[in-house]
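Novice: Would you mind keeping the following structure in view while I ask a few things?
Just so it is clear, none of the values below were taken in a lab; they were calculated from the coordinates. Since we're looking at a predicted model, the values are computed, not measured. Neighbour counts run over all protein chains shown; Cβ positions are idealised from the backbone, glycine included.
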Amino acid sequence: MKLKFAIAGMLLTTTVLGGAALNNQTVQAKSYATVKTNNYMTTPGTKRNVAPTGTNALYTKAGTLKGAKVVLSKAKMAKLGASKHSKDYFRVYKQATTSRNSVYFKVVSFDGQYRGWVYGGKTLNSFNAGIKSVNTTSPLTLDSTIQNNTYYLLNTASAVTRNYPTMTQYGVSKIMTDPQKYQNVPLTVTKAVTRTREGSTYYYITSKDHPEINGWIWEGYLRTKDNSDSNQVIFNALSDKDVSVSPTQGSGDTMFRIFYAQNVTTANAYQYDANDKSETNQNKIKAALGDGQRIQNGSAYPDSVVKVTFDANGKAHVTLQIGTKLTTDKNFTLENKAKESDKDIAQGALDEFKSTYDSASTTNAISENVFTNDTDTEVYKALFGTETAPTRYSYLTNKNDVNSQVTVSLSVTITRDANGNISNIHLIFGDKVANAN
């Protein structure tokens, strides 16, 4: 009897303990939120432009729902939030509430590359937490000169008009798509804005005779002389043969001449004496012709720098010197000098660094010509957001884990060619910095 009682006691104990363990597992099982509401936004789309704050990741569904997956980590969202490109803004188009009284917003990036749900706080129609409202443009006051000028389209396929400045709203569309049909059509500028991130200026143009072309256009695609004028008229300070463009790119030759005429205003007014070969006179000529001036040629061509030289007869020759695109595999160098045991971690730094300026997600798309003729300060601002190069660099070894941050020493060297164009940017990631945080 005692043996049977002992066995029965053991069974009872096992049953009680097993039940307690099972009950404990049930209590500790992860619980998920459920959706209470899910609706499309009804406010005007232009009032729903936002930028990520970096405090919350982007998910395939509300982050607390079962099965939610990360589309963009908090670190990547922070980078898009600090981006210098308008394409990295987001538009909110749906909002949902969960059983935990949280509000999530569904967003899409202006370029359509990213789409998902981000936590937005506790209040509907109020963009907080992971996103914040932004103004993608800032209005500019037109001075009387611009208002009274008559403009014409630049003879390039890129000189189209849009319903909004490029990439300043989601789904911007073209209005006029064939500039060559409207060459020599007089245009008037009625409004102007600056794109917040790029700082570029866009004009709203109108035409009495051709209202179908009215719309927004980048200022660089307008000029004040029509195409009936020849290059001789554009360059009344220089003969056509005395203006050289390097390298010649077919129709780009004419285009660069026009860019030059637009940007170097004194060239058309200054009459130089080719017989006076004195240094004083040549310096005056250089100043008048914009020697050393950097010209922004728009998205179709990289920036160029004006260079004025003199031949044996004292004639001035103008060259628009064009830089080359920097790539990771050629002249944009990234090196690591960490210990062998830190090799994988260091590689994380390189990958993280490259992805910051790799908008097209290809290794050869880092600079997009932005470094061609930039000053050192402009390079540092583009790469690090500071006017001087930092001496250390922080990154995440795990992009989905904010606690995996590592800081290493960093040195930056910028090399230029004889013409002042950047030929190489050399970054060396060194040893880990102790107590960086």
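Novice: Give me the extension gain from Gln180 to Asn128: residue separation times 0.36 nm, minus the current Cα-Cα distance, reported in nm with one decimal.
Specialist: 14.1 nm
Novice: Continuing with this model, one more query. Given labels modelled 7 Å from the Cα in the Cβ direction, how far is it in nm from Lys337 to Asn101?
Specialist: With each label point 7 Å from Cα toward Cβ, the separation is 5.6 nm.
Novice: Just to be sure I understand the model, the point goes 7 Å from the Cα along the line to the Cβ. What's the resulting Glu212 to Gln347 distance in nm?
Specialist: Reported label-point gap for Glu212 and Gln347 is 5.7 nm.
Novice: Sticking with this structure for a sec: Can you give the FRET efficiency to the nearest 0.05 for Ser394 and Lys191, using r as the Cβ-Cβ distance and R₀ = 41 Å?
Specialist: On the way: r = 42 Å, r/R0 = 1.03.
Once rounded, the FRET efficiency stands at 0.45.
Novice: Grab the Cα-Cα distance for Phe384 and Thr60, subtract it from 0.36 nm times how many residues apart they are, and report the gain in nm with one decimal.
Specialist: Contour length minus the Cα-Cα distance gives 113.6 nm.
Novice: Give, in nm to one decimal, the length gained when the segment between Glu279 and Arg416 is fully stretched (0.36 nm per residue of separation minus the Cα-Cα distance). Let's see the in-between values first.
Specialist: Working: separation 137, 0.36 × 137 = 49.32 nm, distance 2.65 nm.
Result for the pair: 46.7 nm of gain on full extension.
Novice: Continuing with this model, one more query. Hey, rough spin-label estimate for Asn148 and Thr42, points 7 angstrom out along Cα→Cβ, what's it come to in nanometres?
Specialist: 5.0 nm
Novice: Count the net charge of all other residues whose Cβ sits under 11 Å from the Cβ of Asn38, scoring Lys and Arg as +1 and Asp and Glu as -1.
Specialist: Details: positive: Lys36, Lys61, Lys94, Lys106; negative: none.
So the surrounding residues net to +4.
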